[in-house]
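The values are calculated or read from the model by the stated rules, or taken from the named source; none is laboratory data. The structure displayed is predicted, hence computed values, not measured ones. Glycine also receives a Cβ, built like all others from the backbone with ideal geometry; neighbour counts cover every protein chain displayed. Ligands, DNA and RNA are stripped out before the accessible areas are found, and what is left, the full protein with its side chains, is counted by its heavy atoms. Shrake-Rupley method; radii C 1.70, N 1.55, O 1.52, S 1.80 Å.
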Amino acid sequence: MRKAPPPNRIMRKYLLLIFYVVASTLIGKEFHPFSQFPMYNSFPNYSYVLFLKNEKGDIIPFGKYFPRQKYAGQVAHVFYSYFTYHGYSCGYGKEDPVHLHQAGKEITEMLLKDEDPRKFDFDTLNLYRRFYYLADDRINYRDDLIYEQGIKR
């Protein structure tokens, strides 16, 4: 049967933890979740998910048709970068439809760049944004088609 560690040893671990928290806060001024950056200290009450569908409405998995460099995280990065770069407002489902369409075009061009259209078993690539939001104590969502691109020429 294993014996419990002596109380002295446990106390040293707690003192070390307390020292670490105090030192990190005093020296670094940045210690999760006490960050000065909004990205790390607050959470918006909305979220976006970008996904692809074909002309039949079937979801197109990124991993099946696109190389590893073109994954869902990269698509989201291009989406947010487009709005940031151009200084357009983004978030809470309030993007201007023209800007949303242009961002969708840029994302689709990135996805289809250097791709052979013959490898796809669908004719149309539809880019959607699912907008999740909190309302009436429930998580709701809305799907918006932001860009449509014909594949087969």
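Could you say whether any residue in the stretch 122-139 is within 17 Å of GLY57 (Cβ to Cβ), assigned to a loop (DSSP other than H, G, I, E, B) and not β-branched (Val, Ile, Thr)? Checked against the condition, which is being within 17 Å of GLY57 (Cβ to Cβ), assigned to a loop (DSSP other than H, G, I, E, B) and not β-branched (Val, Ile, Thr), the stretch 122-139 yields at least one hit.
Residue-by-condition table, conditions (1) in contact with a Phe, Trp or Tyr (Cβ under 8 Å, 6 or more places away or on another chain); (2) open to solvent by 40 Å² or more (accessible area, probe 1.4 Å):
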{"position": "LYS105", "(1), (2)": "yes, yes"}
{"position": "THR108", "(1), (2)": "yes, no"}
{"position": "LYS113", "(1), (2)": "no, yes"}
{"position": "PHE122", "(1), (2)": "no, no"}
{"position": "LEU125", "(1), (2)": "no, no"}
{"position": "ASP136", "(1), (2)": "no, yes"}
{"position": "ASP143", "(1), (2)": "yes, yes"}
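Residues that are more than 16 Å from SER47 (Cα to Cα) and polar (S, T, N, Q) within the stretch 104-153 comprise THR108, THR124, ASN126, GLN149, listed in sequence order.
Looking at the stretch 67-81 only, could you name the residues that are aromatic (Phe, Trp, Tyr), open to solvent by less than 60 Å² (accessible area, probe 1.4 Å) and at pLDDT below 85? Selection gives nothing.
Return a yes/no flag: does the stretch 96-118 have any residue that is closer than 21 Å to ASN54 by Cβ, more than 22 Å from the chain's Cα centre (by Cα) and touching a residue at least 24 places away in the same chain (Cβ under 8 Å). Checked against the condition, which is being closer than 21 Å to ASN54 by Cβ, more than 22 Å from the chain's Cα centre (by Cα) and touching a residue at least 24 places away in the same chain (Cβ under 8 Å), the stretch 96-118 yields at least one hit. For the stretch 45-66, residues that are surrounded by fewer than 16 Cβ atoms within 10 Å (Cβ to Cβ) and either at pLDDT below 75 or among the polar types (S, T, N, Q) (or both) total 2.
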